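K.L.:
The structure follows.
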Amino acid sequence: MLKLFSLKQKKQSAQEQTENKTSSNKTTAAELRLQKDISELDTGKTLSVYFPDKNNIVEFIVYCKPDEGIYKYGCFAFRFKIPPTYPHDPPKVKCETKVFHPNIDEEGNVCLNILREDWKPILSLNAILYGLQYLFLEPNPDDPLNKEAANLYRDNKAAFYAQVQRSMRESGAYYSR
Amino acid sequence: MSQGKDEGKLEDLYLITLRNGPFAHESFSPSEDLLNFLWNECKVLVVGAGGLGCELLKDLALSGFRNIEVIDLDVVDVTNLNRQFLFRQQDVGKPKAEVAAAFIAKRISGINIKGHHANIYDQPREFYKQFNLVVAGLDSIDARRWLNETLIDLVETNDDGTIDVSTVIPLIDGGTEGFRGQARVIIPKMSACFECNLDLFPPQISYPLCTIANTPRLPEHCIEYASVILWPQQQPFGAGTKVDGDNPEHVKWIFERAQERANQFHIQGVTYRLSQGVIKHIIPAVASTNAIVAASCANEAFKLATYIANPLNNYMLYNGESGVYTYAFETERREECPACGRAQPKKICVSPKWTLADLIEVLREDTELRVKSPSLTVSSRALYYSSPASLEQATKENLPQSLDCLLEEGCEIFLTDPALPLGRKLQIFFHKCSKKNK
């Protein structure tokens with residue numbers, strides 16, 4: 001066991017310091033974790049990731065291009081910001097493409113449980129990517145953020161579908177292929 | 001102050017250090033050396049001079065520690081005065097660390113105490129190196145993680161791979177949240193560290209966005225609605241201005257909007273104070289919790305310095321919410337902990353003329369690492385990412401570059417790979433004759 005006083009160590013005083021290297025406030029553990037999560041992003045065919053600065057991976061954009069369902073042929077941009085407290089705190093995610101969706105509002109706020117109340121450090125960025133894709137395949141009208149969209153989705157699927165198409169055309173979310 | 005009065009204060013210290021006792025650690029031997037060490041040699045750093053910090057400074061100083069430094073970047077706020085008893089009305093606006101140090105110096109004769117009004121992140125390694133013990137009373141997980149990693153980083157190993165115990169600085173970490181608290185003893189590289197069980201920490205309370213937007217039930221929901229949804233929509237203080245919980249106008253705006261919403265949904269209990277609390281994620285501080293947790297921390301510091309009793313092994317939780325409950329248990333070290341894990345940085349010898357692609361090939365062939373598609377960074381700069389595609393594109397220009405253009409001798413590279421449960425640190429050494437084993 002460690003025995004402090006028996007070590008009789010003379011601690012160097014702060015004045016005697018020679019080397020005066022200031023350290024950064026990022027911890028190795030946090031950086032390694034983010035690097036691992038980023039390099040293992042599972043994008044598949046329907047997602048792509050864009051990094052404005054390869055040396056600053058705490059901010060990036062994920063493009064989500066659903067290949068089936070109501071939002072097929074759309075391309076939706078989500079801006080990810082990774083807080084310094086990641087993975088203790090979840091990434092901040094905003095949708096930058098205007099979309100008519102029960103769980104995404106006009107300002108781009110996204111209602112996805114693991115982005116807020118159900119986030120846990122054992123989850124990774126991939127869990128969020130899967131979550132976002134799932135939102136486009138199965139919108140959830142029971143927990144709406146855009147009430148109008150949710151009601152229409154529940155009451156009149158055809159009208160909802162038409163409204164989605166219109167919103168995708170207006171916002172330029174449609175991508176041709 | 002008369003000599004006699006001072007002598008009387010020390011009586012208890014003599015009693016417990018000059019006699020053996022049933023609870024003493026097995027390697028404890030009564031001696032005057034113990035108090036001499038405590039008075040003349042043992043240097044303690046107290047991190048944070050807030051609710052816990054004030055208690056800690058008082059407890060440590062009255063327990064016989066005479067060489068204390070305290071660091072805090074904050075200034076005294078009027079709302080601190082109810083529990084941070086080293087501060088007075090006239091200290092509002094002054095640096096906490098300096099005011100606290102001056103107060104202790106005035107009250108306890110013969111003490112050598114220094115306050116640093118500074119950010120812990122800005123201090124060099126050498127600052128931390130001079131202490132025998134670090135006691136932390138912090139409120140942020142971030143700062144604790146950083147401190148934990150810094151102290152782990154200071155531990156040196158002997159040539160035979162064993163730990164050089166003279167470089168080990170124990171960290172005693174106290175924390176409180178309302179009526180709940182914890183104290184823990186972290187002996188870097190020897191017992192579980194902060195990072196080993198980071199997942200023990202409960203996440204910050206947050207509410208589902210859809211509840212806030214559509215079905216509020218609590219006053220907190222209304223306040224979150226105003227600050228998370230209405231604020232970005234209306235930008236009441238100019239585009240891009242973020243909510244500042246210390247700006248009374250901001251809090252007032254949110255409070256009023258929250259109240260309108262509460263009236264609409266017939267919810268009671270939205271107040272200005274609660275609004276500020278929700279915006280700043282304030283958990284009410286309870287003075288008694290601070291006192292109990294700080295006492296436990298100071299007690300551990302004294303035990304570690306003198307060995308009059310076995311130290312806490314290694315986590316004490318306290319809950320005063322309904323009755324008084326406390327329990328101590330041992331948290332275990334995580335073998336592959338990214339901060340204190342037993343894997344040392346792997347030394348890699350390379351020729352400076354190798355290309356980055358050569359290095360990656362050597363890493364792939366390494367039978368210990370067993371990596372398939374490694375990604376490498378050096379001090380937050382991207383060297384090569386094997387995935388995702390856009391980062392691969394952006395970094396593959398480095399592949400044909402020679403290593404002496406990309407790296408410096410002795411630098412640490414972060415390696416991650418799907419095959420490694422966590423990342424691994426590599427240390428690069430240049431060697432002219434290094435050959436690739438093909």
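The values are calculated or read from the model by the stated rules, or taken from the named source; none is laboratory data. From a predicted model like this one, the values you see are computed outputs, not experimental measurements. Quick reminder, even Gly has a Cβ in these numbers, built from the backbone with ideal geometry, and neighbours come from all protein chains shown. These area figures cover heavy atoms from the full protein model, side chains too; ligands, DNA and RNA do not enter into them. Shrake-Rupley method; radii C 1.70, N 1.55, O 1.52, S 1.80 Å.
K.L.:
Summing -39500 (n - 2.57) over the DSSP H runs of n ≥ 4 in chain B and dividing by its residue number, what mean residue ellipticity at 222 nm do you reach, to the nearest 500 deg cm²/dmol? Before the final figure, lay out the partial values.
P.N.:
Working: 15 runs with 145 residues, N = 438.
Computed ellipticity for chain B at 222 nm equals -9500 deg cm²/dmol.
K.L.:
Using a 1.4 Å probe over the heavy atoms of the protein chains, calculate the carbon and sulfur portion of the accessible area of the range B:346-430 as a whole percent.
P.N.:
51
K.L.:
Compare each residue of the range B:114-140 in its chain alone against the assembly with all protein chains, and report those whose accessible area goes down by 40 Å² or more; 1.4 Å probe, heavy atoms.
P.N.:
B:TYR121, B:PRO124, B:GLU126, B:GLN130, B:ASN132
K.L.:
May I pose another question? Of all the accessible heavy-atom surface of the range B:251-316, with the other protein chains kept in place and a 1.4 Å probe, what percent is carbon and sulfur? Before the final figure, lay out each step's value.
P.N.:
Values: 1600 of 3000 Å².
It is 53 percent, rounded to a whole number.
K.L.:
What is the mean number of Cβ atoms from other protein chains located within 10 Å of the Cβ atom of each residue in peptide B:247-255, rounded to a whole number?
P.N.:
0
K.L.:
Where does each of A:MET168, B:MET190, B:MET316 land when they are ordered by accessible area, with a 1.4 Å probe and the largest first?
P.N.:
Of A:MET168, B:MET190, B:MET316, the descending order of accessible area is B:MET190, B:MET316, A:MET168.
K.L.:
Continuing with the same structure: Give me the mean projected area, in nm² to one decimal, of the convex hull enclosing the Cα positions of the range A:30-171. Kindly include the intermediate steps, with their values, before the conclusion.
P.N.:
Values: hull surface 33.2 nm².
Seen from a random direction, the Cα hull of the range A:30-171 projects 8.3 nm² on average.
K.L.:
Right, another one. So for chain B, averaging the separation of alpha carbon pairs under 8 Å that are six or more residues apart and normalising by length, what relative contact order in percent results?
P.N.:
Working: 744 pairs, mean separation 61.2, N = 438.
Across chain B, relative contact order equals 14 percent.
K.L.:
Return the residues of the range B:176-206 for which accessible area with all protein chains present is lower than in the chain on its own by 40 Å² or more; set the probe to 1.4 Å and exclude ligands, DNA and RNA.
P.N.:
B:SER206
K.L.:
Per residue, how many Å² of accessible area does the protein assembly as shown show with a 1.4 Å probe?
P.N.:
Details: 29370 Å² over 615 residues.
For the protein assembly as shown, the solvent-accessible area averages 48 Å² per residue.
K.L.:
Could you sort out which of B:LYS43/B:LYS114; A:LYS36/A:LYS92; B:LYS58/B:LYS96; A:LYS54/B:LYS280; A:LYS36/B:LYS353 sit more than 21 Å apart by Cα distance in this structure?
P.N.:
Numbers: B:LYS43/B:LYS114 11 Å; A:LYS36/A:LYS92 18 Å; B:LYS58/B:LYS96 14 Å; A:LYS54/B:LYS280 33 Å; A:LYS36/B:LYS353 28 Å.
Pairs exceeding 21 Å: A:LYS54/B:LYS280; A:LYS36/B:LYS353.
K.L.:
Turning to a different aspect of this structure: Quick one: compute a quarter of the convex hull surface over the Cα atoms of chain B and quote it in nm².
P.N.:
Seen from a random direction, the Cα hull of chain B projects 28.3 nm² on average.
K.L.:
Now, a different point. I need the GluC sites (Glu not before Pro) found in the range B:340-438, filtered to DSSP loop residues with at most 11 other beta carbons within 10 Å of theirs.
P.N.:
B:GLU368, B:GLU408
K.L.:
Another question, then. With springs connecting C-alpha atoms under 10 Å apart, model chain B as a Gaussian network and identify which of B:LYS425, B:LYS58, B:LYS396 has the largest mean-square fluctuation.
P.N.:
Judging by the Gaussian network model, the answer is B:LYS396.
K.L.:
Ok, one more. Within a 10 angstrom radius of each residue's Cβ in A:104-116, how many Cβ atoms of other chains show up on average? Whole number is fine.
P.N.:
4
K.L.:
Name the helices (complete DSSP H segments) of chain B with a Cα length along the long axis of 27 Å or more and a Kyte-Doolittle mean of at least -0.5, or state none.
P.N.:
Span-like helices here: B:287-306.
K.L.:
Just to be sure I understand: if I project the alpha-carbon convex hull of the range B:346-430 onto a plane and average over all orientations, what area do I get in nm²? It would help to have the intermediate numbers written out before the result.
P.N.:
Working: hull surface 19.7 nm².
So the mean shadow area of the Cα hull is 4.9 nm².
K.L.:
Which aspartates and glutamates does A:LYS45 reach when only Cα atoms under 16 Å apart count, and residues fewer than 8 places away in its own chain are ignored?
P.N.:
A:ASP67, A:GLU68
K.L.:
Once A and B are treated as a pair rather than alone, how much accessible area drops out, both sides summed, in Å² to 100, probe 1.4 Å? Numbers along the way, then the final one.
P.N.:
Working: alone 11920 and 23460 Å², together 29370 Å².
Counting both chains, the buried surface is close to 6000 Å².
K.L.:
Have a look at B:ILE172, B:ILE308, B:ILE223 and tell me which one the Gaussian network model of chain B (Cα, springs below 10 Å) gives the largest fluctuation.
P.N.:
B:ILE223
K.L.:
Counting partner chain Cβ atoms within 10 Å of every residue's Cβ in B:385-397, what's the average?
P.N.:
Taking the mean over all residues of the peptide, I get 5.
K.L.:
Excluding residues fewer than 8 places away in the same chain, name every one of the aspartates and glutamates whose C-alpha is closer than 13 Å to that of A:LYS72.
P.N.:
A:GLU138
K.L.:
Tell me, what are the semi-axes, in whole angstrom and largest first, of the equivalent ellipsoid of the protein assembly as shown as set by the roots of 5 times the Cα gyration tensor eigenvalues?
P.N.:
Taking √(5λ) for each Cα gyration eigenvalue gives 48, 36, 19 Å.
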